[in-house]
């Protein structure tokens, strides 16, 4: 038994010493943290960068669900990578904590970092105050997915273009019978209420610390949102998986992002030719949300120079197109959208068009919290039967105090 | 079992019937997990769910094994499992110490051990990481293994069971001149076989599924385990349920083997009279 | 000499585990205790000079936080119903399984252990289906006997009960094997003697089996209580605390504050309130047990 312990501990020591390869031999190694599937794809993809420079790239793929925890420990210990992929919603939080390097001074050294290279909505997620903390890597936005055949049956040869049309079409579709709905709205999605609000002309005034949740624009947007549930056009209970409901026609319209295109193609191949995407229906505007990921340099990076070289390479138009093909994500550079590969594909083109009018979530590290509060308020209205006016007043107070905290 | 022979047939039938009825209820999700691993993605979330796949496929398994750095992950997982058994030994020793010795501060130390169970693990995650970092153990196998070695639950379980072993037995052995460690390894371990078997199962499962620390500590995928590798297959929005079920089904096979191996000892029992 | 040995040995036995626990559990708990008196957040984590001590502020805030109060209520709801249920179920199943040794019983030991080793995503998907209001199996079966649809996960109280059922299902396995192991420790001569005295089955159960399982039952009760006080996984994967915070537990609240919103000071304070509650419950059990054994 004691022998066993000795043997095991010697293995342990051997393992530990073996893996402790130095991180600071010379500064030719760039460590990159990227998420999930993209992290795995990036490993091979970055070989091309290695060939054209004398850097060696070490990509570590991190599961999406645990990425936040992992980043926390990196922030706490200063043991972070050089380059990190961040979902746009995480940028304000980590920038606020001072975990991301300010790239303002290097903007001139790298052409591909220039702000006018990117969609306007994506630029907002680059900035934190007067700092530049990330370069948009890929983007996504929500559009309307709809069943062309079913819409035709209720008299719509094209996708609804306005709020009124959307409501009208959805109402007619919901009236087809029991268990039939018009439009699926995901009650757990944080950004959807904001999309409606933006479309209604709502705007937060973060510079003056004013969230403007007490404006009529915001209120009528939430009224519009909740009316879908009150009138039974959208399903308030948990129902079928959306792909299945879309395929069997019980939920013929929903909002979602580019990832959904492949899911529908893979899981409901029979649906081909019976569905399409369209830009958001309009009220004052047809704004949608801007998501995706940026690449940032960690404040504690061992090799900031190499990190910027790598980011610069990843945001060149040519690389962006290549990456779009590899990973099925959408390029953040507007120039890439001139390419026939994206321009001539109707599915992609919708997203390209929507991207011109898209905004990221409110750029405060409290956004997630505020959005969660809003969802709870909406839940109390749609399920708990609370008074909308009162509920929103309370929410405004709560959100405002969260922001000022 | 001597008493079993006296029990009537109908009674036995009733017991078996109850067990079967409950067993079916209890195992449906498990069966669904296995069967879903053979389904194409669009069938997994179908309502109502199917237990027998309509279009069986082994695509998921092919994808599973080709898209993971399998050999490396398996090696790391096995190393962690081996060391967790060293932890099991430590826990057994501690449990024995608390159960069979009277020493100063016994109660207090034992309560401190129990206290470690009482706080949600997430709260101590960052402090533990910082301690490992200060010890220079981040990005090492040692850093992954150490935090999970001692487990209060396991120490407590050993203590409870070893407390039932009669003191006379130990005294007799001491009178015969046996050393304390000899008594522990030669006398106590065989008696406590059922509880070692229970712990063996639990320890194996914990080590085999280890996920959080490999992920947090590793700055290099060469230290990832199978569980971490599997969770990499999950997308930000798309969930790949069928692939995940294939992974889960694969992960559960060794657990079942280990379980059937150890469970013999759980019910084998020991007779006090046989030891003397 | 013997005295000396006896003094040294116990410490040698407990040292490895206790040292490891001190290093990786007790010290971190103390660190967390200190953090609970600060306003530590993500910013503070990156730069410790930005952290300031705010005394009992976090604790005061917690008790005026409606969600936290609700989570305490919910946790007690889970514990009071769930703990007795899981102990009774796992003990009954262990007794049934202990009935025989043929292959049938061997198989069923594995079958009843399955919920503990079923992947949590599979659990979430299947139970999500069973509980689905419109398409779920439970409501379909109820509709056969003309009972109205039950909103399994949509009504706060029913949702709590649904989660308890799920947790009991999942928690049986581990307690069952502990009881099984304990049952083997009961000398057969006891049963034989009882049978000779003509004791009925129930008398044997209540006068021999259960008293002799005392040590195991105590262990299972203490650990199950500690586990259920930290009820987390089921609401986390099934409801995320909803509807209307109806299923949020203290541990889930702590997770959301600490990891989703990075309010580490606040989350640490929450976990020490939980810690204090668990200690009170556990010490109480140890006191009661001591009285029992002395009698």
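No value in this document is a laboratory result; all are computed from the given coordinates. Since the structure is predicted, the reported quantities are computational estimates derived from the model, not experimental observations. So basically every Cβ, Gly included, is an ideal-geometry build from the backbone, and we count neighbours across all protein chains shown.
Of note:
- Calculated SAXS-style log₁₀ I(q)/I(0) at q = 0.15, 0.18 Å⁻¹ - the range A:37-130, Debye, Cα scatterers: -0.77, -1.12
- Among the residues of A:61-74, the average count of other protein chain beta-carbon atoms within 10 Å of the residue beta-carbon is 6.
- Calculated log₁₀ intensity ratio I(q)/I(0) where the Debye formula runs over C-alpha points of the range A:171-302, q = 0.13 Å⁻¹: -0.68
- Across peptide C:250-260, the average count of Cβ atoms from other chains found within 10 Å of a residue's Cβ is 3.
- Ranked by how many other beta carbons lie within 10 Å on average, peptides B:201-214, C:240-253 from highest: C:240-253, B:201-214
- Neighbour-count ranking [beta-carbon atoms within 10 angstrom, fewest first] of B:102, A:68, A:128: B:102, A:68, A:128
- Relative contact order (percent, whole number), chain A, Cα cutoff 8 Å, 6+ residue spacing: 26
- Gyration tensor (alpha-carbon) shape descriptor, the range A:344-405, a/c threshold 1.5: oblate
- Mean partner shielding of peptide A:36-49, defined as the number of other chain Cβ atoms within 10 Å of each residue Cβ, is 2.
- Three-way shape label, the range B:67-232, alpha-carbon gyration tensor, a/c 1.5: prolate
- Cα-based shape type of chain C, given that a ≥ b ≥ c are square roots of the gyration tensor eigenvalues and the cut on a/c is 1.5: oblate
- Inter-label distance for residue A:404 and residue C:284, nm, one decimal - labels placed 7 Å from Cα along Cα-to-Cβ: 4.2
- Rounded to 10°, Cα long-axis angle of helix B:152-162 versus longest principal axis of chain B: 40
- Spin-label pair residue C:92/residue C:142, simplified geometry with 7 Å Cα→Cβ offset, distance in nm: 2.1
- Efficiency of FRET between residue A:210 and residue C:53 - r from beta-carbon atoms, R0 45 angstrom, step 0.05: 0.90
- DSSP finds beta bridges in the protein assembly as shown, and of those with both partners inside it, around 70 percent are antiparallel.
- Ranking of C:105, B:70 by count of other Cβ atoms within 10 Å, fewest first: B:70, C:105
- Pairwise FRET efficiency - residue B:185 versus residue B:54, Cβ, R0 = 45 Å, nearest 0.05: 0.20
- Residues B:186, A:380, B:159, arranged from fewest to most other Cβ atoms within 10 angstrom of their Cβ, appear as B:186, A:380, B:159.
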